[in-house]
1. Whole-Hz Karplus ³J(HN,Hα) for segment 153-164, in order, using 6.51 cos²θ - 1.76 cosθ + 1.60 and θ = phi - 60°, x for Gly and Pro?
2. If you take the Cα atoms of segment 20-129, find Rg, then find the Kirkwood Rh from the mean of 1/r over all pairs, what is Rg/Rh?
3. Quick one: Cα centre-to-centre distance for segment 1-68 and segment 128-203, in angstrom?
4. Please compute the length gained on full extension between D164 and E110, using 0.36 nm multiplied by the number of residues separating them and subtracting their Cα-Cα distance.
5. For the chain, what proportion of DSSP beta bridges, expressed in % and rounded to the nearest 5, is antiparallel?
6. Could you size up the charge dipole of segment 83-211 around its Cα centre, putting +1 on the beta carbon of Lys and Arg and -1 on that of Asp and Glu, and report it in debye to the nearest 20?
7. Starting with the highest mean, order 152-158, 162-168 by the number of other Cβ atoms within 10 Å, averaged over the residues of each peptide.
8. How many nm is it between the label spots at E86 and M148, if each spot is 7 Å from the Cα in line with the beta carbon?
Amino acid sequence: MSENAKTPVDFWFDPLCPWAWMTSRWMLEVEKVRDVEVHWHVMSLAVLNEDRLDELPEEYAENMRPGGKAWGPVRVVIAARELHGEEVVGELYTALGTRIHNEGAGVTREAVAAALKDVDLPADLIDYIDRDTYDTELRASHKKGIEMVGQDVGTPVIAVPGADGEQIAFFGPVVTPAPQGEAAAKLWDGTLLVAATPGFYEIKRSRTVGPDFSNL
């Protein structure tokens, strides 16, 4: 990486996940206060959980099964990427997350269709909500992120440069509400610090509150 190049960050998300949404909004704030550039990728909670559905709460498992709600948004995003390029992924994710989470629309066909309209993407992309046309590409994107971070995680996954410049991937950070301004910068600086520490793997505590979208 050249001296003047922006620090690359790879971010894997599933639009379904409110925690990934919180982290993604923090990452956009980091772009304002640090010289970084985020590259957006899809991963899939449905793919992640497809071999352990019997271990999940029934309502959650129902969303993960073929034809469940978890498949639709990621299929639309991957179709948009394949047909219109990588550059549309981040904007479409922002539109989806705003509709699904901030506005409380949930994962509905109407919310996905509205998100496509918000970013001026073709309306017929909604048809991919029920199609497996690009499932191979979806699984490949998911696999790339998971292979970097390991199997015992969820979404989000971020990959940042470690001490030698090689990408180090983590699950998280899981945070609410999304830090802004200098608070966002400090969390970013800490993320780079732990990524540059050989042998560092995990910091964790139990969550005591749910996702807070009030400042988004």
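The values are calculated or read from the model by the stated rules, or taken from the named source; none is laboratory data. Note that the structure is predicted; figures quoted are calculated from it, not measured. Virtual Cβ from ideal backbone geometry, glycine too; neighbours counted across all protein chains shown. These area figures cover heavy atoms from the full protein model, side chains too; ligands, DNA and RNA do not enter into them. Shrake-Rupley method; radii C 1.70, N 1.55, O 1.52, S 1.80 Å.
1. Karplus-based 3J(HN,Hα) across segment 153-164 equals 9, x, 10, x, 10, 10, 10, 10, x, x, 4, 9 Hz.
2. 0.99
3. About 8 Å separates the Cα centre of segment 1-68 from the one of segment 128-203.
4. Net length gain for the segment: 14.9 nm.
5. 55
6. Value, rounded to 20: 580 debye.
7. Ranking the peptides 152-158, 162-168 by packing returns 152-158, 162-168.
8. 1.1
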